[in-house]
Amino acid sequence: MLWTILIACALFISILESTIFSQIGFLGIRPNFFLIFAVLSALNLDPPEASISACIMGLCKDVLSEEPLGLNASFFTGIAIIIGIWRHKIYTNSILAQLLVVLIASIVYRGGSALVVWLSYGNLAALPTLLNIFVGSTYTAVLAAGPYFLFKTFRPVRLRQDIH
Amino acid sequence: MRIRKNKEKRFLKIFLPTFFPLVICLSLLVVPSKFSNHIKTTLSWPLVPIQKTFLTAGTAARNTLLWIPRSWNASSRIKDLEEDVFMLENMVVAQKATVDRLQTELASVTEYYREGVLNQKPLMANVVAYDTSDLRNSMLIDVGSSHGVTEDSVVIADAALVGTVSTVGKSTSRVLLITDPASKVPARILETEDVGVVEGGSGDTCRLKYLSRWGQRVEKGYKVVSSSIGDVFPDALFIATIADDIDSEGSPYRTLRLRPRVNPNRMNTVMVLKK
């Protein structure tokens with residue numbers, strides 16, 4: 001059930017991000033639903049499941065972008081593993097805590113991506129990149145509230161019992 | 001003994017499945033780009049019909065939302081005329097550049113130009129999807145190698161440059177837009193004939209770099225057109241207008257911020273110039 005939902009979500013996000021989301025961007029900046037799902041998986045699922053889930057999300061993003069295959073997948077899996085290690089120190093049942101983790105992860109991810117692009121092509125405009133990192137991360141964190149409730153509803157019963 | 005067994009069990013149950021995906025992802029990074037591009041086009045191909053439907057629905061929804069206020073003040077006719085004027089302006093720019101050349105260059109050069117343009121066969125394509133990356137700018141179109149598209153084919157829309165084909169699949173291709181950080185287009189300012197390179201940034205704008213600091217005076221609104229240096233782009237395709245001067249002290253070159261003539265996120269059809 002969990003994997004069916006996650007794969008269905010990955011496909012649905014892939015289609016939305018590559019079509020409609022390009023038209024709802026703010027100053028050319030778009031939210032990153034792949035990252036939201038990778039981070040929320042890390043906060044709500046077991047580390048192995050979270051790692052595989054983040055890997056699937058990253059691969060979907062890689063396939064539909066110009067970036068090298070495996071780059072986003074590596075970033076997402078790395079972020080999911082790090083969050084998985086630290087998640088017991090975070091009050092993960094709170095929506096604010098989860099949105100804050102999404103915000104920090106998004107800043108780290110966008111900053112890392114910008115660094116990779118800058119190292120590869122030496123060609124990034126400073127102001128639009130900083131706007132992309134900070135405005136894009138805030139935009140992503142705000143929109144993470146929707147998937148948070150989805151995870152709250154469909155999270156495995158075993159984990160829910162662990163938390164309560 | 002028991003502790004050791006527990007450790008082994010924990011390693012096999014938690015650590016191995018957690019780190020295994022990371023190892024796979026990192027190993028994908030060293031796959032040759034030709035092979036990984038092939039994987040990408042093959043995997044994204046089944047999504048194309050759904051993406052087309054979503055994009056059409058999205059465009060229809062956006063047009064409906066735009067149509068309501070437009071019909072309110074009866075300005076749809078104006079919008080249509082504006083689009084025609086936009087198109088004609090782009091064509092005038094290309095024509096003006098040709099006329100300038102004809103006046104200043106020899107007849108043999110003009111003949112070469114005409115042949116160069118006519119050698120490229122146009123092919124209409126629909127936009128299927130956009131890049132999901134946060135900092136890269138590309139789009140997927142529904143024509144590929146089976147239609148005669150090759151890498152580095154030039155893509156235009158409304159007689160203005162959009163980008164070049166970076167990856168070719170059998171029935172789809174990925175277009176690297178002029179706003180992508182990896183894009184580099186030889187260009188010149190129409191009014192002053194100063195030559196530079198148009199490079200993408202991370203947003204919706206691009207930059208004209210490597211202009212001489214001691215060149216002619218440049219003003220806002222001047223037009224930047226493609227240059228045929230390198231034989232990839234046809235001459236005098238409208239690219240962008242100058243928006244701003246970026247002060248880069250200490251550099252021997254001057255950099256200008258450009259506003260692209262066409263917004264790639266707002267187009268449904270493009271034209272590929274086959275080689």
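The values are calculated or read from the model by the stated rules, or taken from the named source; none is laboratory data. Everything numeric in this text was worked out from a predicted model, so none of it was measured. Cβ sites come from the backbone with ideal geometry, for glycine too, and all protein chains shown count toward neighbours.
When the residues of segment A:5-26 are narrowed to those that are part of a helix (DSSP H, G or I) and modelled with pLDDT under 85, which ends up nearest to the chain's Cα centre (by Cα)? If you could, list the steps in order and put the result at the bottom.
First, pick out the residues of segment A:5-26 that are part of a helix (DSSP H, G or I): A:5-18, A:21-23.
Cutting the leftovers down to modelled with pLDDT under 85 gives us A:5-6, A:21-23.
Working: A:Ile5: 16, A:Leu6: 13, A:Phe21: 15, A:Ser22: 17, A:Gln23: 20 Å.
My answer is A:Leu6.
Condition first: without any contact (Cβ under 8 Å) to a residue 60 or more places away in the chain and within 16 Å of B:Asp194 (Cα to Cα). Now tell me which residues in segment B:217-242 satisfy that.
Selection gives B:Arg217, B:Val218, B:Glu219, B:Lys220, B:Gly221, B:Tyr222, B:Val224, B:Ser227, B:Ile229, B:Thr241, B:Ile242.
Does at least one position in segment A:27-47 carry a residue that is in a helix (DSSP H, G or I), without any contact (Cβ under 8 Å) to a residue 12 or more places away in the chain, in contact with a helix residue (DSSP H, G or I) (Cβ under 7 Å, 6 or more places away or on another chain) and within 26 Å of B:Ser33 (Cβ to Cβ)?
no
Filter segment B:237-253 for residues that are at pLDDT 85 or above and not β-branched (Val, Ile, Thr); which is surrounded by the fewest Cβ atoms within 10 Å (Cβ to Cβ)?
First pass over segment B:237-253, keeping only residues at pLDDT 85 or above: B:237-243.
When the remaining residues are screened for being not β-branched (Val, Ile, Thr), the result is B:237-238, B:240, B:243.
Details: B:Leu237: 25, B:Phe238: 26, B:Ala240: 27, B:Ala243: 16.
Checking each candidate, the answer is B:Ala243.
For segment B:163-182, give me the residue count where each residue is free of Cβ contacts under 8 Å to residues at least 60 places away in the same chain and surrounded by 24 or more Cβ atoms within 10 Å (Cβ to Cβ).
So the answer is 3.
Filter segment A:122-164 for residues that are modelled with pLDDT of 85 or more and in contact with a Pro (Cβ under 6 Å, 6 or more places away or on another chain); which is surrounded by the fewest Cβ atoms within 10 Å (Cβ to Cβ)?
A:Leu143
Tell me yes or no: at least one residue of segment A:2-13 is buried (at least 19 other Cβ atoms within 10 Å of the Cβ), at the interface with another protein chain (Cβ under 9 Å from one of its Cβ atoms) and either over 19 Å from A:Ser106 (Cα atoms) or touching a Lys or Arg at 6+ places or on another chain (Cβ under 7 Å) (or both).
No, the conditions are met nowhere in segment A:2-13.
Filter segment A:120-134 for residues that are within 11 Å of chain B (Cβ to nearest Cβ) and assigned to a helix (DSSP H, G or I) and give the result.
A:Ser120, A:Tyr121, A:Ala126, A:Leu127, A:Pro128, A:Thr129, A:Leu130, A:Leu131, A:Asn132, A:Ile133
Report yes if some residue within segment A:37-60 is at positive phi, facing another protein chain (nearest Cβ under 7 Å), surrounded by fewer than 24 Cβ atoms within 10 Å (Cβ to Cβ) and not aliphatic (A, V, I, L, M); otherwise report no.
Looking through segment A:37-60, none of the residues is at positive phi, facing another protein chain (nearest Cβ under 7 Å), surrounded by fewer than 24 Cβ atoms within 10 Å (Cβ to Cβ) and not aliphatic (A, V, I, L, M).
Check segment B:197-207 and report whether any residue there is away from chain A (no Cβ under 14 Å), aliphatic (A, V, I, L, M) and either in a strand (DSSP E or B) or over 30 Å from A:Phe134 (Cα atoms) (or both). Quick ask: steps written out before the conclusion?
Within segment B:197-207, the first condition is being away from chain A (no Cβ under 14 Å), and the residues that meet it are none.
No, segment B:197-207 contains no residue that is away from chain A (no Cβ under 14 Å), aliphatic (A, V, I, L, M) and either in a strand (DSSP E or B) or over 30 Å from A:Phe134 (Cα atoms) (or both).
Just one of the numbered conditions (1) more than 16 Å from the chain's Cα centre (by Cα); (2) in a helix (DSSP H, G or I); (3) over 24 Å from B:Val23 (Cα atoms) is not true of A:Ile85; which one?
(3)
Looking for whichever is without any contact (Cβ under 8 Å) to a residue 24 or more places away in the chain and in contact with a Leu (Cβ under 8 Å, 6 or more places away or on another chain) here; the options are B:Phe19, B:Phe54, B:Phe35, B:Phe15. Which one fits?
Numbers: B:Phe19 fails: in contact with a Leu (Cβ under 8 Å, 6 or more places away or on another chain); B:Phe35 fails: in contact with a Leu (Cβ under 8 Å, 6 or more places away or on another chain); B:Phe15 fails: in contact with a Leu (Cβ under 8 Å, 6 or more places away or on another chain).
Unique residue meeting the criteria: B:Phe54.
Just to be sure I understand, how many residues within segment B:197-215 are buried (at least 19 other Cβ atoms within 10 Å of the Cβ) and among the aromatic types (Phe, Trp, Tyr)?
Going through segment B:197-215 one residue at a time, the tally reaches 0.
Among the residues of segment B:166-196, which ones are more than 11 Å from chain A (Cβ to nearest Cβ), part of a strand (DSSP E or B) and under 26 Å from B:Gln95 (Cβ atoms)?
B:Val185, B:Pro186, B:Ala187, B:Arg188, B:Ile189, B:Val195, B:Gly196, listed by residue number.
If we scan segment A:96-113, do we find a residue that is within 9 Å of chain B (Cβ to nearest Cβ), buried (at least 17 other Cβ atoms within 10 Å of the Cβ) and among the aromatic types (Phe, Trp, Tyr)?
Taking every residue of segment A:96-113 in turn, at least one turns out to be within 9 Å of chain B (Cβ to nearest Cβ), buried (at least 17 other Cβ atoms within 10 Å of the Cβ) and among the aromatic types (Phe, Trp, Tyr).
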